[in-house]
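Engineer: Below is the structure I would like to discuss, written out as structure tokens.
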Amino acid sequence: MNKFFKNMTVKQKHSILRMAVSILIGLGLAVILIVLSSSRPKTSLSYFFTAPVTNVTYFSFWMQKAIPLIFTGTAVCIMFSANQFNLGLEGAFLLGGMAGGALVNIYWFPNNHIMGIIVGCLVGMLVGMVITLIPALLQKIFNASVMVTSLMMNYVCLWFSVYLLFSKFKDPKTSKSTYSWTKPNQEILATKIKINGDKLTIYYSIIIALAVVILAWFFLYRTKTGFKLRMVGVNANFAKYVGVSVPMVAILAQAIGGAIAGLGGACEIMSLYTNYRWVELTGFGWDGVTMAIFAANNPKNVPIAALFISYLRAGAYVMSVQTGIQADMTKVVEAVIILFLLAEKFLSKTYRKMVIKQAEFERQAAQVEAK
């Protein structure tokens with residue numbers, strides 16, 4: 001561990017310090033809110049901090065919350081690496097889930113789950129890519145603000161999906177869901193195992209999510225195209241000067257991000273449901289921005305960020321059920337942590353002291369070596 005920190009730069013050490021202090025401040029705020037609002041503060045705190053690891057049911061819930069965050073977090077990392085603020089992942093996730101996760105399995109492969117999973121994932125990626133490409137092309141052709149158009153696309157996707165659900169695909173026997181593509185409680189990307197009376201749910205979509213993280217990291221940091229993408233994100237003018245097609249790289253980054261979000265939506269539907277029932281935005285697209293901030297736009301850090309945030313949310317949900325404390329408290333905690341992470345002046349004096357200390361250490365080491 002000491003060797004690991006010795007090999008790190010001062011900037012990397014400072015980033016870890018800022019992250020740790022921000023998290024501690026956020027958790028401290030959580031403790032204060034729980035103590036002030038709970039009639040049983042010790043019990044509430046116990047649920048909040050330990051519930052996801054106390055039994056397999058809560059553990060499964062923790063993993064369930066983490067998987068979509070990994071997908072959308074990775075998608076945002078790729079787009080933000082190219083300095084593209086396309087916020088259409090909500091719509092991409094939603095329609096990717098509807099087309100790839102539900103309609104493919106209902107109408108194309110109702111009795112062939114293997115083909116349903118494969119084709120469903122591909123269709124989800126294609127649909128998600130189209131959703132984020134529309135704002136990207138509007139920006140290139142008409143110079144329209146990608147942030148504004150992508151935000152609007154989310155609601156276009158929402159109400160278009162609601163229209164399709166209620167006018168074309170709804171099962172008449174239900175109030176707001178499609179026909180089922182498999183038997184109840186037999187999700188095609190999940191398996192349930194009973195352990196001492198509790199249910200452990202294994203979500204196979206986590207394998208797909210981790211594969212996406214590995215491929216995204218390899219693409220960004222081990223390929224020429226990924227290098228060009230990051231170059232555009234750092235300095236678009238310099239990238240243009242050395243011959244990089246900035247508009248095409250921007251479009252590529254948004255297309256890849258949308259494809260990953262659409263894939264995440266398809267996997268989420270096939271992991272949690274046996275019919276389609278989303279009639280509102282899921283929120284996972286916005287959460288992807290949070291994951292990217294925590295991960296510093298590096299896909300390899302996204303699973304850690306997703307596990308941390310989903311742990312807080314799972315603990316808060318269990319605490320809410322058991323003690324009545326509002327689970328939305330975690331939103332405040334997340335916002336406070338992000339606020340400190342984005343504050344450029346936060347611990348800036350500490351950074352200067354660390355730089356001076358490192359320079360002095362290197363000077364003394366050079367003197368000893370010269371002797």
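The values are calculated or read from the model by the stated rules, or taken from the named source; none is laboratory data. The shown structure was predicted, so the numbers you read here are calculated from the model rather than taken from an experiment. As a convention, Cβ positions derive from the backbone with ideal geometry for all residues, glycine included, and neighbour counts pool all protein chains shown. Calculation scope for accessible area: heavy atoms of the full protein, side chains included, ligands and nucleic acids excluded. Shrake-Rupley method; radii C 1.70, N 1.55, O 1.52, S 1.80 Å.
Engineer: Please grab the % of Cα pairs in the chain that end up more than 35 Å from each other. Intermediate values should be presented prior to the final figure.
Structural biologist: Details: 22315 of 68635 pairs.
It works out to 33 percent of all Cα pairs.
Engineer: Then there is this: Which trypsin sites (Lys or Arg not before Pro) does segment 321-357 hold that lie in a coil by DSSP with at most 12 other beta carbons within 10 Å? Write down the numbers at each step before the final one.
Structural biologist: Values: sites: Lys331, Lys345, Lys349, Arg352, Lys353, Lys357; in loops: Lys345.
Passing both the DSSP loop test and the Cβ count: Lys345.
Engineer: Another one. Report the rotationally averaged projected area of segment 79-216 based on its alpha-carbon convex hull, in square nanometres.
Structural biologist: Seen from a random direction, the Cα hull of segment 79-216 projects 11.0 nm² on average.
Engineer: Right, here's the next one. Using a 1.4 angstrom probe, figure out how much accessible area segment 173-217 has per residue, in square angstrom, rounded to the nearest whole.
Structural biologist: Working: 2880 Å² over 45 residues.
Normalised by residue count, the accessible surface of segment 173-217 is 64 Å².
Engineer: Relative to the longest principal Cα axis of the chain, at what angle does helix 113-142 sit, 0 to 90 degrees, rounded to 10?
Structural biologist: Helix 113-142 and the main axis of the chain meet at about 60 degrees.
Engineer: Which percent of the accessible heavy-atom area of the chain goes to carbon and sulfur, probe 1.4 angstrom?
Structural biologist: Roughly 65 percent of what the probe reaches on the chain is carbon or sulfur.
Engineer: What would the Debye equation give as log₁₀ I(q)/I(0) for segment 1-145 at q = 0.16 Å⁻¹, counting only Cα atoms as equal point scatterers?
Structural biologist: Ignoring solvent entirely, the Cα scatterers give -1.06.
Engineer: What angle, in degrees between 0 and 90 and rounded to the nearest 10, separates the Cα long axis of helix 246-272 from the longest principal axis of the Cα atoms of the chain?
Structural biologist: 50
Engineer: Which of Gln84, Gln322, Gln254 moves most in a GNM of the chain, Cα contacts under 10 Å?
Structural biologist: Judging by the Gaussian network model, the answer is Gln322.
Engineer: If you take all C-alpha pairs in segment 126-199, what percent of them are over 20 Å apart?
Structural biologist: The share of Cα pairs beyond 20 Å in segment 126-199 comes to 58 percent.
Engineer: Also: Please list Thr74, Thr174, Thr201 from largest to smallest accessible area, probe radius 1.4 Å, with all protein chains kept in place.
Structural biologist: Numbers: Thr74 0, Thr174 45, Thr201 20 Å².
My answer, sorted largest first, is Thr174, Thr201, Thr74.
Engineer: Helix 329-342 versus the longest principal axis of the chain: what angle, 0 to 90°, nearest 10, using Cα atoms?
Structural biologist: Approximately 40 degrees, to the nearest ten.
Engineer: What Kirkwood Rh does segment 198-303 have if only Cα atoms enter the pairwise 1/r average? Answer in Å.
Structural biologist: It is 15.8 Å.
Engineer: Right, next: Once every Cα of segment 214-371 carries one equal point scatterer and solvent is ignored, give the base-10 log of I(q)/I(0) from the Debye formula at q = 0.09, 0.16 Å⁻¹, two decimals.
Structural biologist: Log10 of I(q)/I(0), two decimals: -0.51, -1.15.
Engineer: Express in Å², to the nearest 10, the accessible area of His113 obtained by rolling a 1.4 Å probe over the protein heavy atoms while all chains stay in place.
Structural biologist: 70
Engineer: Using a Cα-Cα cut-off of under 15 Å, which aspartates and glutamates could be cross-linked to Lys176, ignoring same-chain neighbours fewer than 8 residues away?
Structural biologist: Glu280
Engineer: Quick one: grab the alpha carbon gyration tensor of segment 139-281, order the square roots of its eigenvalues as a ≥ b ≥ c, and give me rounded if a/c is under 1.5, else prolate or oblate depending on whether a/b is larger than b/c.
Structural biologist: Values: a/c = 4.10, a/b = 1.61, b/c = 2.54.
Because a/c hits 1.5 or more and a/b fails to exceed b/c, segment 139-281 counts as oblate.
Engineer: In what order, largest first, do Trp108, Trp62 sit by accessible area if the probe radius is 1.4 Å?
Structural biologist: Result of the area sort, largest leading: Trp108, Trp62.
Engineer: Can you give the calculated 222 nm mean residue ellipticity of the chain, where each DSSP H run of n ≥ 4 adds -39,500 (n - 2.57) and the sum is split over every residue, rounded to the nearest 500 deg cm²/dmol?
Structural biologist: -23500 deg cm²/dmol
Engineer: Students sometimes get this wrong: rank Tyr58, Tyr204 by accessible area, probe 1.4 Å, all chains present, largest first.
Structural biologist: Ranking Tyr58, Tyr204 by accessible area, largest first, yields Tyr204, Tyr58.
Engineer: Also, I was wondering about something else. Students often get this wrong, so check it: of Lys300/Lys331; Lys140/Lys349; Lys65/Lys183; Lys11/Lys240; Lys240/Lys349; Lys13/Lys224, which have C-alpha atoms separated by over 30 Å? Spell out each step's value before the answer.
Structural biologist: On the way: Lys300/Lys331 24 Å; Lys140/Lys349 42 Å; Lys65/Lys183 23 Å; Lys11/Lys240 28 Å; Lys240/Lys349 36 Å; Lys13/Lys224 28 Å.
The answer is Lys140/Lys349; Lys240/Lys349.
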